[in-house]
Structure formats: C-alpha cells, structure tokens
Amino acid sequence: MIESVGAISLLGYSPILGHCLKDCSFNRVAMSPNRLNRVWSNRTRAMELTKEVYNFKEEDRFSKGFDYESDSVVDRKPGLWPPNNKADNPSLHNPLLRQERMGCGWLGAVFEWEGVIVEDNPDHEKQAWLALAQEEGKSPPPSFMLRRIEGMKNEQAISEVLCWSRDPSQLKRMSLRKEQIYQALQGGVYRFRDGSKEFINVLTRYNIPMALVSTRPRKNLEEAIGSIGINGVFNVVVTAEDVYRGKPDPEMFAYAAQLLQFIPERCIVFGNSNLTIEAAHEARMKCVAVASKHPVYELSAADLVVRWLDELSIVDLKNLADVESSEFGAEPEVEMELEVEDDAYASSRVAIDDHDDFW
C-alpha cells in the first residue's frame, strides 16, 4: 500500500485512502461523483504500477541462482533448463569429438532383468532352492545362506556355498532342475515394472547402446524377452552360459562392456541389490540402484538410487558417466622440474661479485 501511495504521488496526484475524506474536525465528508471516479482511476493506476514493481522483483529474484560450491549468488537467465551438461567440454579443440560427447553414443547402459526391467517375486527363488533341497535329500538352506547366493550362478551357489556337490555333471543337472522349478513357480508371465518401458524407449530414441545381463539360461531369457515384445532392443545379451561366475564377481558387467566396445568408466549398471552395486564398482562402473525389493536406505552405496527408472533423465546419465580421460581431450598436466643451483657455486658467485664491486 505504501508503494501504491508513493506511485500516485510521483504521478502528481494526492494520495487517496478511501471513498470519503475527513475534515479538520475529523468528520466524514461525502465526495461528488466526479471526484469518486477520479479516485477509482487513481487507485487503478496505482495497482498497475505496484504490480509492475512486484513483477520486476520476481524476475530479478528468479534470474539469479545460488552456487552451492562457492556459497554465492550467480547470475542465471530465467528458464535455463535443463542444467549445464557436465559431459560437454567447450575447451575441446576437435569439434567432431565435442559433438560426439554432446550426443549419447559415448556411454552404455547395462541392465539386470528381474526387479529392474520386469517385476520380480523374490519368494519364487527361495522356494525353488527349498524344493530342490527336498528333492535331493539335502538340508534346507537357511535364510542367510539364501541371501548370500542371491545373484550367483546356480553351479557356483551349489558348489561353493551350499556344498552339495562338486561333480560337473551333478552341478549341471541340479542347476537345470532348479531353473525348471523356478519357471514353474513363475508361470512364464512377465510384466514391465512401472517406468521401465518408457525409459528404454528414451534410451532407444537417443541411440544409447544397451546390454542385458542375467544368470538365467539364455533360452529362458530369450523367451522372456520375446514374451514382452522387446526383441532386438538390447545390443548385447549376457547369460549364464557366457560367464564362469556371477555376482558379486564383476565378470558379467566387464564382459558386457567388452561386447559394447566401451571402457568400463563409460558404462552405467542398473541393478536392485547391494551385490550388483559391489560388482559394478569392482568393474569401475557407475551404478544406479532401483529400490524394487530393498528399501532406499539399504542401497546407499550406489551412485544414484531411484524407485522407478523413468525418474532418470539423459542429463543424469551423462553426468554419471562423465569421466576425465585422454580420449575426451583431457590431457594430463606435465609437471615442471625446477633446477636447483648448487650451493657451493652460488656462494662462489656471490664472492666474485662482491670482489668486483669492491675494486
């Protein structure tokens, strides 16, 4: 209201505070209709000027951002979104290299299958192991042991953790039987997790190479991929037949990066367990954890934790895969070697200079 009164005063009008004025005896005096119209006209102008003042303040407030690194206010144009892309390096002298880096073909995405792309019921895996133990006449494995073998290959779990057999033929037989029990419990029905299909479509649109890794047999995995209609989407598919060991060994992820022809630092792993996070970091890859069967706080070791894949953006992936290496134009600085003069030579030179000055 004070700014409105000041604005009216600047225009040459006397400030009006109501429909009636008060004389010196503090009695209310009625105004004429013409005077009343002028009052409303002045008030309208004052409101417009006040609105302009507040609009100017809003633009000035939103045109500046806060730099959390330097604790200072920095100028920023309104509407600057998305944020700066850390993957871009304006100092690169090669425009083709910069254009490639500004695109998305320089990073790869490595996905797990259950709990990331499709919905997963962890109870089916436990029930399959318990049923196999009953068929083989073995003691049922306790819950802590079932959590330990999560993500391992069947042969690896049977021989190294459960210690049921070390005969290769028996390992293969029990492994196939366990998968048959699991497929029977699962029912062969697969459903996308919310947001996963949309996220895959975004990566496909931006031509980001994708790999799929799983400890399931290739035949079962290919049937599952075909059942939800994403044949040919993944550039690389790594299954149990392609590796010797499963998680937490990084062999699956390293092999997927090799098939994608990317260095590990340029690959991002999408998983849903701490074993995946451990294997990805062991392979020098960034990991995005999907909180599908574990709470968010249990996956804090990941580089990024989301509940649904569609929460991510392309800028997020670029920032995660941002690495400083020679192939991106970041050359290591050459350390300069300082020449240290010999003390004896320096003292003798000073002595000679003093002798010359003396004579």
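The values are calculated or read from the model by the stated rules, or taken from the named source; none is laboratory data. Fair warning: this is a prediction, and the values are worked out from it, not measured in the lab. Cβ sites come from the backbone with ideal geometry, for glycine too, and all protein chains shown count toward neighbours. Accessible surface areas use protein heavy atoms only, side chains included; no ligands, DNA or RNA. Shrake-Rupley method; radii C 1.70, N 1.55, O 1.52, S 1.80 Å.
Whether a residue is outside any loop (DSSP other than H, G, I, E, B) and either in contact with a helix residue (DSSP H, G or I) (Cβ under 7 Å, 6 or more places away or on another chain) or surrounded by 21 or more Cβ atoms within 10 Å (Cβ to Cβ) (or both) was assessed, and Glu223 does not pass this test. Only one of the listed residues (Gly226, Gly195) is touching a residue at least 40 places away in the same chain (Cβ under 8 Å) and among the small types (Gly, Ala, Ser). That residue is Gly195.
Out of segment 182-214, which residues are closer than 29 Å to Asn154 by Cα, assigned to a helix (DSSP H, G or I) and open to solvent by 20 Å² or more (accessible area, probe 1.4 Å)? Of everything in segment 182-214, those that are closer than 29 Å to Asn154 by Cα, assigned to a helix (DSSP H, G or I) and open to solvent by 20 Å² or more (accessible area, probe 1.4 Å) turn out to be Gln183, Ala184, Leu185, Gln186, Lys197. Residues of segment 153-181 that are open to solvent by 30 Å² or more (accessible area, probe 1.4 Å), of a type in the set (Asp, Glu) and either closer than 24 Å to Ile230 by Cβ or in a helix (DSSP H, G or I) (or both): Glu155, Glu160. In segment 133-152 there is no residue matching the filter, namely being crowded, with 20+ Cβ neighbours inside 10 Å and assigned to a helix (DSSP H, G or I). Yes or no: Val306 more than 19 Å from Thr204 (Cα to Cα) and open to solvent by less than 30 Å² (accessible area, probe 1.4 Å)? Judged against the criteria, Val306 is a match. Within segment 310-327, the set of residues being of a type in the set (D, E, K, R), in a helix (DSSP H, G or I) and modelled with pLDDT under 65 comprises Glu327 only.
Listed here are the residues, each with its yes/no results for (1) more than 21 Å from Leu203 (Cβ to Cβ); (2) open to solvent by less than 20 Å² (accessible area, probe 1.4 Å); (3) of a type outside the set (Ser, Thr, Tyr).
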| residue | (1), (2), (3) |
| --- | --- |
| Val238 | no, yes, yes |
| Gly246 | yes, yes, yes |
| Ile263 | no, no, yes |
| Glu278 | yes, no, yes |
| Ala283 | no, yes, yes |
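Being outside any loop (DSSP other than H, G, I, E, B), charged (D, E, K, R) and out of contact with any Pro (no Cβ under 7 Å at 6 or more places or on another chain): is that true of Lys247 here? Spelling it out, it is not the case that Lys247 is outside any loop (DSSP other than H, G, I, E, B), charged (D, E, K, R) and out of contact with any Pro (no Cβ under 7 Å at 6 or more places or on another chain).
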